[in-house]
1. Could you please find all residues in the range 572-622 being assigned to a loop (DSSP other than H, G, I, E, B), in contact with an Asp or Glu (Cβ under 6 Å, 6 or more places away or on another chain) and over 24 Å from GLN641 (Cβ atoms)?
2. In the list VAL197, VAL204, VAL216, which residue meets the criterion of being touching a residue at least 24 places away in the same chain (Cβ under 8 Å) and within 21 Å of PRO543 (Cβ to Cβ)?
3. Residues of the range 639-655 being in contact with a Ser or Thr (Cβ under 8 Å, 6 or more places away or on another chain) and open to solvent by less than 10 Å² (accessible area, probe 1.4 Å), which ones?
4. Assuming ARG466 fulfils every condition listed in (1) open to solvent by 50 Å² or more (accessible area, probe 1.4 Å); (2) among the basic types (Lys, Arg); (3) closer than 26 Å to ASP521 by Cα apart from one, which condition is it?
5. Would you point out the residue of the range 98-141, among those that are small (Gly, Ala, Ser) and free of Cβ contacts under 8 Å to residues at least 40 places away in the same chain, that is surrounded by the fewest Cβ atoms within 10 Å (Cβ to Cβ)?
6. When you scan the range 230-238, do you find a residue that is closer than 16 Å to GLU7 by Cα, in contact (Cβ under 8 Å) with a residue 12 or more places away in the chain and in contact with a Ser or Thr (Cβ under 8 Å, 6 or more places away or on another chain), even just one?
Amino acid sequence: MTQQPFELPHFYMPYPARLNPHVDEARAHSTRWARDMGMLEGSGVWEQADLDAHDYGLLCAYTHPDCDGPALSLITDWYVWVFFFDDHFLEIFKRTQDRAGGKAYLDRLPLFMPMDLSTPMPEPQNPVEAGLADLWARTVPSMSADWRRRFAVATEHLLNESLWELSNINEGRIANPVEYIEMRRKVGGAPWSAGLVEYATAEVPPAVAESRPLRVLMETFSDGVHLRNDLFSYQREVEDEGELSNGVLVLETFFGCTTQEAAETVNDILTSRLHQFEHTAFTEVPALALEKGLAPAEVAAVAKYTQGLQDWQSGGHEWHMRSSRYMNARARSTAPWQGLTGPGTSAADVRALLASAGAERLRAYTHVPFQKVGPSLLPDFYMPFPLELSPHLEGARHRLTDWVNAMGILQEGVWDEDKLAAYDLPLCAAGIDPDATPEALDLSSQWLAWGTYGDDYYPLVFGHRRDLATARVTTQRLSDCMSVDGEEIAVPLNAMERGLVDLWARTTAEMTPDQRRGLKDAVNVMTESWVWEVSNQIQNRVPDPVDYLEMRRATFGSDLTMSLCRMGHGPAVPPEVYRTGPVRSLENAAVDYACLLNDVFSYQKEIEYEGEIHNAILVVQNFFGCDYPAALAVVHDLMTQRMQQFEHVAAHELPIVYDDFALSAEAREVMEGYVLDLQNWMAGILNWHREVDRYKADWLAGRAHGFLPDRPPAVPVG
């Protein structure tokens, strides 16, 4: 017997797996269906023995325990199709490294998922096309247009991101951890699986389908499914197939550790993601239902969907323990409710499992604020791009002071003139956009001042007052200050509202309603993320690492920055180019570099003087139980790899996007300008952090910290 590369760890799985009684019906039906679609004998991919050994009927019976027989059979057919696609793509395109053929193959598949079933489909040319055409026609009539759209997008992501995996095999490149988790969600198909959970349980109401709590439920579900699969499939994927997209291999490479150590760390992340799922389901989802005024039937639908995701986690784990597709020898049981007599289960095992999971959960809530940690340690940052500064910097400094005073920002007790001077936000704007006109530089400086003020205001005023209700009202009022199509706006009551009304009017004067809507969404993402920070602050909860990094992009205002950058480039580039995986990867790499950079510089300011919990170094310390220097080393390594990923995408992946979309010479030049904007953005932000007093130990020691304004915020509540 082939030796296992590592021992499978203890898995946190608090939900018992249940088996659908229609399992045999689904097995028999899916076997007939696979043969009818041409997936078995003669396909060159599977024989009957392969399908029997994989037992997708058992997988679906475990992951969808409550649906009826016909629904289970249909869902099982979907899983037969998706696993066949994965193996078919491997044999035809990955093993031969035929990217051009793979792209042509994938480009046809959306034709078999029309939103309107009256739209004719082309004649299927292979079992994957035949299966998709049949499944789409059988599934979508019972679902809403909103569900069809979301499921089609998830399916296209699952299919198209296979090209990313193929590109990485071609280059011999192993992703960094953040890149890997983002892309694994699309390639691994768990968002697609979540769509089938809706089919089996209840459709999520459109009013909340795109909200943060429902998105987090889906993403934590996805991460849990994928990381568990990576542990069980490491031997088959990495050792047999030469696959580079596996979480254990990614962490083994990133940390330079043993395979066993990497597997244990993957399991720790998996556990943390399941804790995040539970936290969101028990705290954020009920609050969302109240906020949106969901009807009882809609609340019940969300509850059924949430239960369905839990069933998938436990059922998927049970299937991995049994399927011949995976490495599961000597796997230890995770179900203490099954008693202490099962194979591999002992009282010590159960106690160790529960103690470990409980300790990790408890650690997230026991951070002691205002500990002395400074001064901040600054590593040798990797910055391959030169700094350029606008010649209009000095004038912008004086004009920003005038604007801040006019908006009343210095009269509310949060900022004063000393802070404004120490923050020198025009210096940041001058590096971000060195070619800006004086007017554009002023606008950029003022947006930076407004966003930084709001980011300081929320934790100081609402967080320390434990006033989540007023934070929510404030956020809604800020959204109402931005008119998309001539709507009447609220009369501003405070400096944040006055500043936003003024900036909005000047920024959007020449925009179309669609452009305004996109910019408004970007501002809303940022302000709503500040409420998320206040909620964590009230609970004294150090965030889960993945949730932190993804929300950090929002608190940093990255969507706002990207929207403003794109709007300056005109219409030469089709919007769908900006939505491609490589462009999003480029942007996220740049944003993560800047966010982590800020956390490194602001560590003393936030941890020692402000009692903050939203800092990547603290998050890493909490997750790994390590000290400040060790956590800093992890964050610095991640920063470096994100910058290297930015360079890789710009040099190797964007040219492929240009060719795929047949971009004109003008559009290619615009995209190269966008890449340069992002390079200036990162270089300018690094220079600003190095130069300003805001993060320096001497300036911090000379300021009073932790004070509250002497009056409540000017916002009506109720």
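1. If the condition is that a residue be assigned to a loop (DSSP other than H, G, I, E, B), in contact with an Asp or Glu (Cβ under 6 Å, 6 or more places away or on another chain) and over 24 Å from GLN641 (Cβ atoms), then GLU612 is the only one that fits.
2. Checking each option against the conditions leaves just VAL216.
3. GLN645, VAL649
4. (3)
5. My answer is SER118.
6. Within the range 230-238 (the criterion being closer than 16 Å to GLU7 by Cα, in contact (Cβ under 8 Å) with a residue 12 or more places away in the chain and in contact with a Ser or Thr (Cβ under 8 Å, 6 or more places away or on another chain)), the answer is yes, since at least one residue qualifies.
So that you can scan it fast, the table gives a plain yes or no per residue for (1) among the polar types (S, T, N, Q); (2) within 16 Å of PRO177 (Cα to Cα):
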site	(1), (2)
GLY188	no, yes
PRO206	no, no
SER211	yes, no
ARG228	no, yes
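Okay, residues lined up against (1) open to solvent by 20 Å² or more (accessible area, probe 1.4 Å); (2) assigned to a helix (DSSP H, G or I); (3) under 30 Å from GLN3 (Cα atoms); (4) at pLDDT below 95:
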position: GLU243; (1), (2), (3), (4): no, no, yes, yes
position: GLU284; (1), (2), (3), (4): yes, yes, no, yes
position: GLU298; (1), (2), (3), (4): yes, yes, no, no
position: GLY316; (1), (2), (3), (4): no, yes, yes, yes
position: HIS320; (1), (2), (3), (4): no, yes, yes, yes
position: THR334; (1), (2), (3), (4): no, no, yes, yes
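The values are calculated or read from the model by the stated rules, or taken from the named source; none is laboratory data. For clarity, every value in this text was computed on a predicted model and none was experimentally measured. Note that we place each Cβ from the backbone using ideal geometry, even for glycine, and neighbour counts take in every protein chain shown. Accessible surface areas use protein heavy atoms only, side chains included; no ligands, DNA or RNA. Shrake-Rupley method; radii C 1.70, N 1.55, O 1.52, S 1.80 Å.
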